[in-house]
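Q: Structure provided below as structure tokens; questions to follow.
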């Protein structure tokens with residue numbers, strides 16, 4: 001039974017991941033169209049404006065986040081009426097808060113002396129706040145009931161619509177096409193969801209239920225919001241000190257970093273509900289091994305394949321595809337390196353939430369923000385520009401990873417006897433990746449061969465070395481035995 005459940009988890013992750021990767025691949029195409037057709041200044045403006053609905057998505061104050069965990073928990077106890085009350089309270093409570101944010105954006109867009117582009121951008125964000133609220137609520141319900149099949153098909157549809165609309169509308173209407181395509185893509189996907197999975201009639205809004213959900217969910221939302229701030233603080237700093245054009249150059253790093261972080265994020269979304277279901281069934285040792293160390297170690301060995309490839313190929317692709325954005329290459333490479341530690345940090349949330357440590361962990365993640373801000377501004381002031389901000393952000397990702405690891409170990413050290421062995425297993429991939437890339441780049445400059453050939457050879461040698469490292473690690477560390485790239489997150 002346990003093997004079947006594990007196979008189900010792996011199958012869900014593989015299927016869901018494939019749709020997210022497909023969405024991200026097409027997202028890269030869509031993101032390529034934006035900088036290709038927009039000036040760096042307008043592209044930077046879009047990246048700043050898009051932060052607004054991202055921040056607004058946390059206005060549910062944790063009610064929607066805790067709903068994802070309580071619904072499967074109540075289902076296991078056959079307490080279906082509680083789920084009805086939870087869903088209606090979350091729906092209306094989060095709606096009221098998002099309407100308030102949207103109204104504020106509309107008022108600002110007309111009350112302040114803004115350019116016409118910025119005014120239209122703010123109005124677009126006001127609409128996006130409402131659309132994203134409804135879409136995110138839908139997804140939370142589907143994830144609560146583990147309906148990843150519909151989420152997968154929705155991802156494919158959303159990816160296709162976004163690219164199709166993006167190419168046409170941006171080509172004809174420039175930045176206004178970006179605004180319009182963002183709105184229409186959400187509308188079409190929401191209509192699809194309503195046809196495939198009509199929502200049940202909602203009951204009355206129960207203030208006490210909503211407040212109770214907020215009390216339970218605020219720690220998790222605060223934790224997630226801090227993570228969001230850590231991810232977006234860099235572009236805010238660049239916008240304030242250097243302007244939207246430099247944000248446009250830096251947006252190349254944002255685009256690639258977002259794509260690379262998709263896989264650990266997908267794994268977490270599927271693993272967390274399973275972890276909550278098994279908290280009272282499995283031992284603490286089994287939960288820690290299966291839902292913490294196994295995905296963590298496997299991600300540590302898988303991510304270098306993507307990160308290293310990105311670092312090697314980027315200097316070749318950007319001048320070829322987006323010659324106006326070559327100033328963003330180095331910052332993108334730096335962020336790619338930092339993404340290694342951030343991807344591992346993402347996977348730690350499951351064990352934190354399952355044990356109810358999110359409030360204390362929120363204090364820890366919140367303390368990263370001033371560190372990231374200080375380092376980024378300091379390096380920027382020293383004349384390193386957007387590269388300095390990228391270095392500051394990447395260092396903060398590393399600190400976040402170390403602090404979360406120490407935080408969890410202090411609370412679980414007694415559970416797993418081979419903790420040190422698992423930690424040691426994670427220490428090898430990153431330095432080997434860095435040394436290999438450094439050597440390959442240095443060697444390429446010495447032999448003076450064609451850039452196309454050099455890129456191909458470097459990529460081939462890099463993959464051979466990392467596969468060799470992975471093969472050795474599989475024989476030495478039990479949690480990596482039998483690992484395949486298609487089933488990378490969980491031990492088979």
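The values are calculated or read from the model by the stated rules, or taken from the named source; none is laboratory data. In this text the structure is predicted, and so the values were computed from the model without any measurement. Because the Cβ atoms are built from the backbone with ideal geometry, glycine has one as well, and the counts that use them run over all protein chains shown.
Q: Taking the stretch 362-393, which residues are touching a residue at least 60 places away in the same chain (Cβ under 8 Å) and more than 23 Å from residue 292 (Cα to Cα)?
A: Across the stretch 362-393, the qualifying residues are 369, 372, 373, 376, 377, 380, 385, 386, 389, 390, 392, 393.
Q: Right, another one. Conditions: (1) under 17 Å from residue 220 (Cβ atoms); (2) at pLDDT 90 or above; (3) surrounded by fewer than 17 Cβ atoms within 10 Å (Cβ to Cβ). Residue 359 meets all but one. Number of the miss?
A: (2)
Q: Among the residues of the stretch 415-436, is there at least one that is crowded, with 17+ Cβ neighbours inside 10 Å and over 22 Å from residue 299 (Cβ atoms)?
A: Taking every residue of the stretch 415-436 in turn, none turns out to be crowded, with 17+ Cβ neighbours inside 10 Å and over 22 Å from residue 299 (Cβ atoms).
Q: Being in contact with a helix residue (DSSP H, G or I) (Cβ under 7 Å, 6 or more places away or on another chain), closer than 29 Å to residue 42 by Cβ, in a helix (DSSP H, G or I) and in contact (Cβ under 8 Å) with a residue 60 or more places away in the chain, is that true of even one residue in the stretch 141-155?
A: yes
Residue-wise test of (1) surrounded by fewer than 22 Cβ atoms within 10 Å (Cβ to Cβ); (2) over 21 Å from the mean Cα position of the chain (by Cα).
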| residue | (1), (2) |
| --- | --- |
| 355 | yes, yes |
| 363 | yes, no |
| 366 | yes, no |
| 372 | no, no |
| 378 | yes, yes |
| 392 | no, no |
| 395 | yes, no |
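Q: Can you list residue pairs whose Cβ atoms sit under 9 Å apart, with the first residue in the stretch 426-448 being over 23 Å from residue 398 (Cβ atoms) and the second being part of a helix (DSSP H, G or I) and modelled with pLDDT under 80? Count only pairs 6 or more apart in sequence or on different chains.
A: Between residues of the stretch 426-448 that are over 23 Å from residue 398 (Cβ atoms) and residues that are part of a helix (DSSP H, G or I) and modelled with pLDDT under 80, the close pairs are 444/451.
Q: Could you list all residues from the stretch 82-112 that are part of a helix (DSSP H, G or I), more than 21 Å from residue 61 (Cα to Cα) and in contact with a helix residue (DSSP H, G or I) (Cβ under 9 Å, 6 or more places away or on another chain)?
A: Result: 106, 108, 109, 110.
Q: Out of 164, 179, 188, which single residue is without any contact (Cβ under 8 Å) to a residue 12 or more places away in the chain and either under 19 Å from residue 33 (Cβ atoms) or buried (at least 20 other Cβ atoms within 10 Å of the Cβ) (or both)?
A: Answer to the selection: 164.
Q: Would you say residue 263 is assigned to a helix (DSSP H, G or I), modelled with pLDDT of 80 or more and either in contact with a helix residue (DSSP H, G or I) (Cβ under 8 Å, 6 or more places away or on another chain) or under 30 Å from residue 77 (Cα atoms) (or both)?
A: No, not satisfied.
Q: Checking residue 61 against (1) farther than 21 Å from residue 180 by Cβ; (2) part of a helix (DSSP H, G or I), which test does it fail?
A: Checking residue 61 against (1) farther than 21 Å from residue 180 by Cβ; (2) part of a helix (DSSP H, G or I), the one that fails is (2).
Q: Now for a different question. Pick from 268, 275, 296: which is at pLDDT 80 or above and part of a helix (DSSP H, G or I)?
A: On inspection, the qualifying residue turns out to be 296.
Q: Turning to a different aspect of this structure: Given (1) touching a helix residue (DSSP H, G or I) at 6+ places or on another chain (Cβ under 8 Å); (2) modelled with pLDDT of 90 or more; (3) closer than 24 Å to residue 189 by Cα, identify the lone condition not met by residue 118.
A: (3)
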